[in-house]
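S.K.: Handing you a structure now.
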């Protein structure tokens with residue numbers, strides 16, 4: 001039996017400035033939110049520095065789900081979410097640069 005698969009796009013917002021600093025995707029937003037709110041960085045050095053700054057200020061990133069992609073086909077949901085994630089990263093990179101805000105910290109794979 002097939003079940004509907006959902007992938008969520010989310011942003012991490014700096015609570016001090018309201019600026020989007022990171023865009024991600026997950027199939028479990030509650031778990032991902034908890035991980036980010038513990039400020040546990042992965043392999044992204046820029047994110048690690050930002051998390052350290054937030055910890056010093058006794059703040060946590062604001063986690064906001066911005067989209068949900070659902071399909072009966074897991075690969076399709078994942079592929080659509082990945083495309084949406086990359087487009088959203090590029091949007092916020094340009095938006096933040098234009099508004100002279102802090103940069104988005106995502107590392108995009110080279111094509």
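The values are calculated or read from the model by the stated rules, or taken from the named source; none is laboratory data. In this text, all values refer to a predicted model and were calculated from it rather than measured experimentally. For neighbour counting, all protein chains shown are included, and Cβ atoms are generated from backbone atoms with ideal geometry for every residue, glycine included.
S.K.: Can you find a residue that is modelled with pLDDT under 85, farther than 14 Å from residue 24 by Cβ and part of a helix (DSSP H, G or I) anywhere in the range 51-71?
M.R.: no
S.K.: Let me ask something else about it. Output the number of residues of the range 50-66 satisfying the condition of being in contact with a strand residue (DSSP E or B) (Cβ under 7 Å, 6 or more places away or on another chain) and buried (at least 16 other Cβ atoms within 10 Å of the Cβ).
M.R.: 4
S.K.: Which of the following residues is buried (at least 16 other Cβ atoms within 10 Å of the Cβ) and touching a helix residue (DSSP H, G or I) at 6+ places or on another chain (Cβ under 8 Å): 69, 89?
M.R.: Just a single option satisfies the conditions, and that option is 69.
S.K.: Applying the selection to the range 4-32, what residues are on the phi < 0 side of the Ramachandran plot and not in a strand (DSSP E or B)?
M.R.: 4, 14, 15, 16, 17, 19, 27, 28, 29, 30, 31, 32
S.K.: Assess whether residue 24 counts as being surrounded by 14 or more Cβ atoms within 10 Å (Cβ to Cβ) and within 12 Å of the chain's Cα centre (by Cα).
M.R.: yes
S.K.: Filter the range 82-102 down to the residues that are in a loop (DSSP other than H, G, I, E, B) and over 17 Å from residue 12 (Cβ atoms) and list them by number.
M.R.: Passing the criteria: 99, 100.
Listed here are the residues, each with its yes/no results for (1) out of contact with any strand residue (DSSP E or B) (no Cβ under 7 Å at 6 or more places or on another chain); (2) surrounded by 14 or more Cβ atoms within 10 Å (Cβ to Cβ); (3) modelled with pLDDT under 90; (4) in a helix (DSSP H, G or I).
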| residue | (1), (2), (3), (4) |
| --- | --- |
| 35 | yes, yes, yes, yes |
| 48 | yes, yes, yes, yes |
| 80 | no, yes, yes, yes |
| 104 | no, yes, yes, no |
